[in-house]
Amino acid sequence: MSLILIKMLLAHVLGDFVFQPNKWVGDKIKRRHKSKYLYFHILIHLAALLVVFRFDFEYWLVFLVVPISHFAIDLIKLNLHKKVNVRWLFVLDQLAHLMVIVALAFYFYPAISISAELFSERNLFALLSVLILTFGGAVFMQMLMSRWRVKEDKDDQSLPEAGKYIGMLERLFIFAFVILNQWSAIGFLITAKSVFRFGDLSRAKDRKLTEYILIGTLLSFGLAILTGLAYAKLNIHFSDSLKP
């Protein structure tokens, strides 16, 4: 299942992002189904599929379904371009393409084996860890830091919820570094964050702000490190349980 899924995803990335110039995108939005680049785009997807599958016509259904469904989904997206938020339209468009790809993977391989692979203990715990470090971690940090009120800048001088998303990404990076046993990379991340924060701290000359940032950073890093260590430990347990 993994191989055919990776091949279809590779062809999708090549067709949608690597071999689709901005000129084509603009022309498609303007002319929709009359744009010649829409049809070039579909041919690129077909060519990418043929190459990654090495012209193995055992998968003729992939060569048929993916280009046709891609054409239909793109046509719907182009007609909704001025009616739906562009960011949401992009997300929904990509989800629709992925649903077709996953459906084809299910067709070629038994659903039971795919479900067992997707919903294994290891994958479920990885998903739990990611959710803890992103949405759960954001709420956790907000609750812990709410006892202090430190105003760094005016609200209109900062991106909406930027700190929340920076914290999410920060914790995900640390989680990845821990499970990959790349502890030196965590030190590099701390250094990089300190460099970016130096301007704020030197400008503010405020001890409270310094302490606030330090507490938040240590709590965020601590949560990510503990989650990473727990995942690494349980991952060893899952590997041992699979041994005969």
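Below is a table of values for the structure above.
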{"read-out": "Net +/- balance of residues flanking Asp16 in space, Cβ distance below 13 Å, scoring K and R +1, D and E -1", "value": "0"}
{"read-out": "Restricting the stretch 49-100 to chymotrypsin sites (Phe, Trp or Tyr not before Pro) in coil, as DSSP defines it, with at most 10 other Cβ within 10 Å", "value": "Phe55"}
{"read-out": "Potential extension, Ala176-Met143 segment - 0.36 nm per residue separation minus Cα distance", "value": "9.4 nm"}
{"read-out": "Unsatisfied cross-links (Cα-Cα over 19 Å) in the set Lys23/Lys83; Lys34/Lys77; Lys28/Lys77; Lys83/Lys164; Lys36/Lys77", "value": "Lys23/Lys83; Lys83/Lys164"}
{"read-out": "Difference of contour (0.36 nm per residue) and Cα-Cα distance, Lys30 to Leu50", "value": "4.2 nm"}
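None of the figures in this text is laboratory data; all of them are computed from the coordinates on show. All figures in this text were calculated on a predicted structure; none of them were measured in a lab. All Cβ positions, even for glycine, are placed from backbone atoms using ideal geometry, and neighbour counts span all protein chains on display.
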